[in-house]
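Participant: The structure is given below, and queries will be raised subsequently.
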Amino acid sequence: MQIPEFRNESITDWSKSENRTRQDAAIAQLETQFGVEYPNIIDGMHAFSAEKFNTLNPSQPNQIVGVFQNSTADDVVLALKVAADKFEQWRWTSPAERANYLFRAAELMRRRRFELNAALILEVGKSWGEADGDVAEAIDFCEFYGREMLRYANQAPAIQLPGEKDELWSLPLGVGVIIPPWNFPLAILTGMTAASIVTGNTVVLKPASDSPFVGFKFMEIMEEAGLPPGVINLVTGPGSTVGDTLVKHPQTRFVAFTGSKEVGVHIYEEAAKVRPGQIWLKRVIAEMGGKDAIIVDAETDLDEAVEGVALSAFGFQGQKCSACSRAIVDEKVYDEFVEKVVKRTESISVGPAKAFDNFMGPVINKWALEKIQRYIKVGQKEGGRLVVGGTSAPGKGYFLPPTVIADVHPQATIAQEEIFGPVLAVIRANDFDHALEIANGTEFGLTGAVYTNNRNKIETAKLQFQVGNLYVNRKCTGAMVGAHPCGGFNMSGTNSKAGGRDYLSLFMQAKSIAEKIE
Ligand code: NDP
């Protein structure tokens, strides 16, 4: 069968009332299932642990979205053993067969789009548009990596020496451990898992503890797609116990992680230790945090720059690795920028994510709320000027207003540490070169953008702005699979470039075969 060329999945058109009605219905339907208990899935079978934990709706935390298993070390070891046994069969399946499971999963996600959107809206507080974008990206990962596997399987042969047949095979690694974050609970979970299995590995998947329900939905889809039991095994529970056991176990061949710098560094260190019985060096794919900046030059359309900054800073409450948390503005337009950004920020609506009209929903949990509040206070204590927002917003959920702190020193805490909330630091720069110097002055290097009409400055930024994903005259969020392979520099991670053409090679090892034929 001819596979059509890859195209990014389109987003839902909310101007159509039928789509809004269907989304409302899917949310209402999911609300009727609140409080249900969900099992681990090991070798295709439902498994239960003695202890449980709940996930809450951050827009209304008295609502329990689901009850999940607090897995024990024994559960984890069993899941790894099942994955290791299954690997001996799965590794021999053809790339085409493996790719087909992803294509089927993509189709099922399309059919269950509103249901999946509802899961994201209710479990992590994504607005409708953000939830829909997350699901579209998950579909893209399945479609893109499926095609990529077929491309690797048909890759050009090695250079042929006279008298030899020379080949290079791409082979799976073994058992992988998948540790995603809660902020793209479907897209990133799907992307890391799909890349692992389509290349012939088997995995143990541990979703983030704020979003196991979305992880369970993914498992339902893979089962419906006909994926054999044991290829993906789901265990839920705290990263500090379940995740740690998975990372340290000698059976683990690789770890695909996306999350904070602190946890990423810890995993990197632990995975590097060779443990008794271990016969390989573990491979670690770790994508981590950011302190992303948008540079606003004096030679630019200021309204466009303000729009780009506001969308990048406050979309999904600033809880994106790519979120703009620093606007670095040329002093010639600084005051005007601050005035305009305040006005734009005041127009942003905050409230329960299930209401279509709210641009911003809640932050993920109480701990995050309090941490962000502390950063807002520290920002002011260190000389920042709160120009809009603050530490509280009305409502029962974990709501915060979009907040802008101006006159922030480039070395201030809120200009250096990832806040992961709706807080924008505005920093004054003497000129464009100074702005670049400030932008590069953190330990991170994930995304960045520049707004300028000056071609020379654009070319300078292309050379000098030290980020994995640079955007020119547009927002710094919203990387599209295929077009914008995503992964940062420095403490933003291992630069694995999710959604890019090199990505699958990280999940494989190559075998060169030279056969004498004369
Ligand atoms: P965390 O680092 O807190 O958690 C990520 C995952 O790691 C979770 O599944 C978590 O489990 C698990 N974990 C926690 N401790 C351990 C441990 N000791 N060993 C193994 N696993 C562990 O990140 P968040 O989920 O809060 O996600 C937000 C972060 O992710 C931000 O820093 C953001 O920038 C980053 N991110 C980076 C992206 C990129 O492409 N660079 C993309 C998206 C997000 P549990 O939930 O149970 O604690």
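Participant: Within the range 210-234, restricting attention to residues that are over 16 Å from MET192 (Cα atoms) and within 14 Å of the ligand (Cβ to nearest atom), which residue is surrounded by the fewest Cβ atoms within 10 Å (Cβ to Cβ)?
Facilitator: So the residue we want is ASP210.
Participant: For the range 466-481, state whether one or more residues are under 15 Å from the mean Cα position of the chain (by Cα) and assigned to a helix (DSSP H, G or I).
Facilitator: no
Participant: Let me ask something additional. In the list ASN117, ASN183, which residue meets the criterion of being buried (at least 23 other Cβ atoms within 10 Å of the Cβ), within 23 Å of the chain's Cα centre (by Cα) and away from the ligand (no atom under 16 Å from the Cβ)?
Facilitator: Checking each option against the conditions leaves just ASN117.
Participant: Related question: Is it true that THR199 is away from the ligand (no atom under 16 Å from the Cβ), in contact (Cβ under 8 Å) with a residue 24 or more places away in the chain and in the same structural domain as LYS81 (by TED's automatic domain parsing)?
Facilitator: yes
Participant: Against the conditions (1) assigned by TED's automatic domain parsing to the domain that holds ALA435; (2) over 18 Å from MET360 (Cβ atoms), where does SER312 fall short? Just the number, please.
Facilitator: Result: SER312 fails condition (2) only.
Participant: Quick one: is THR477 more than 27 Å from GLU130 (Cα to Cα) and assigned by TED's automatic domain parsing to the domain that holds GLY445? If you could, list the steps in order and put the result at the bottom.
Facilitator: Working: more than 27 Å from GLU130 (Cα to Cα): no; assigned by TED's automatic domain parsing to the domain that holds GLY445: yes.
No; evaluated as a whole, the condition is false for this residue.
Participant: Shifting gears a bit: Which of the residues spanning the range 258-272 are out of contact with any strand residue (DSSP E or B) (no Cβ under 9 Å at 6 or more places or on another chain) and within 7 Å of the ligand (Cβ to nearest atom)?
Facilitator: Of everything in the range 258-272, those that are out of contact with any strand residue (DSSP E or B) (no Cβ under 9 Å at 6 or more places or on another chain) and within 7 Å of the ligand (Cβ to nearest atom) turn out to be SER260, GLU262, HIS266.
Participant: Give the residues of the range 373-396 that are out of contact with any helix residue (DSSP H, G or I) (no Cβ under 9 Å at 6 or more places or on another chain) and assigned to a loop (DSSP other than H, G, I, E, B), sorted by residue number.
Facilitator: GLY383, ALA393, PRO394, GLY395, LYS396
Participant: Here's another thing I want to ask about it. Only residues that are on the phi > 0 side of the Ramachandran plot and in contact with a Ser or Thr (Cβ under 8 Å, 6 or more places away or on another chain): list them for the range 446-486, please.
Facilitator: Keep residues of the range 446-486 that are on the phi > 0 side of the Ramachandran plot, which gives 473, 478, 482.
Those that are on the phi > 0 side of the Ramachandran plot and in contact with a Ser or Thr (Cβ under 8 Å, 6 or more places away or on another chain): ASN473, GLY478.
Participant: Please work out which residue is farthest from the chain's Cα centre (by Cα), limiting yourself to the range 289-314 and to residues that are within 13 Å of the ligand (Cβ to nearest atom) and small (Gly, Ala, Ser).
Facilitator: In the first step, residues of the range 289-314 are kept if they are within 13 Å of the ligand (Cβ to nearest atom); the result is 289-292.
Narrowing further to those that are small (Gly, Ala, Ser): 289-290.
Numbers: GLY289: 10, GLY290: 12 Å.
That would be GLY290.
Participant: List the number of the failed condition for GLY397; all other conditions in (1) in contact with a strand residue (DSSP E or B) (Cβ under 7 Å, 6 or more places away or on another chain); (2) closer than 25 Å to ASP301 by Cβ hold.
Facilitator: GLY397 satisfies every listed condition except (2).
Participant: May I pose another question? Which strands (runs of 3 or more DSSP E) sit wholly inside the range 1-78 and have at least 1 residues that are basic (Lys, Arg)?
Facilitator: Because the criterion is at least 1 residues that are basic (Lys, Arg), the strands (runs of 3 or more DSSP E) in the range 1-78 that meet it are 52-57.
Participant: Tell me the residue from PHE432, PHE489 that is aromatic (Phe, Trp, Tyr) and closer than 29 Å to MET192 by Cβ, please.
Facilitator: Every option except PHE489 fails the conditions.
Participant: Residues of the range 315-359 being among the hydroxyl-bearing types (Ser, Thr, Tyr) and either assigned by TED's automatic domain parsing to the domain that holds THR258 or in a loop (DSSP other than H, G, I, E, B) (or both), which ones?
Facilitator: Those that are among the hydroxyl-bearing types (Ser, Thr, Tyr) and either assigned by TED's automatic domain parsing to the domain that holds THR258 or in a loop (DSSP other than H, G, I, E, B) (or both): SER322, SER347, SER349.
Participant: Of the conditions (1) outside the structural domain of LEU281 (by TED's automatic domain parsing); (2) more than 25 Å from GLU331 (Cα to Cα), TYR471 fails just one. Which one is it?
Facilitator: (2)
Participant: Determine which member of the set ASN453, ASN495 is part of a loop (DSSP other than H, G, I, E, B) and within 13 Å of the ligand (Cβ to nearest atom). Write out each step before concluding.
Facilitator: Numbers: ASN453 fails: within 13 Å of the ligand (Cβ to nearest atom).
Exactly one residue qualifies, and that residue is ASN495.
Participant: Taking the range 237-265 only, how many residues are over 22 Å from CYS486 (Cα atoms) and either in a helix (DSSP H, G or I) or among the hydroxyl-bearing types (Ser, Thr, Tyr) (or both)?
Facilitator: Count: 11.
Participant: In the range 243-252, what residues are more than 6 Å from the ligand (Cβ to nearest atom) and either touching a helix residue (DSSP H, G or I) at 6+ places or on another chain (Cβ under 9 Å) or without any contact (Cβ under 8 Å) to a residue 12 or more places away in the chain (or both)?
Facilitator: Residues satisfying the conditions are THR245, LEU246, LYS248, HIS249, GLN251, THR252.
Participant: Under 7 Å by Cβ, and 6 or more places apart or on different chains, what pairs join a residue from the range 360-372 that is in a loop (DSSP other than H, G, I, E, B) with one that is acidic (Asp, Glu) and crowded, with 22+ Cβ neighbours inside 10 Å?
Facilitator: ILE364/ASP210; ASN365/ASP210
The values are calculated or read from the model by the stated rules, or taken from the named source; none is laboratory data. Every value quoted in this text rests on a predicted model; they were computed, and no experiment measured them. Note: ideal-geometry Cβ built from the backbone for every residue, glycine included; neighbour counts use all protein chains shown.
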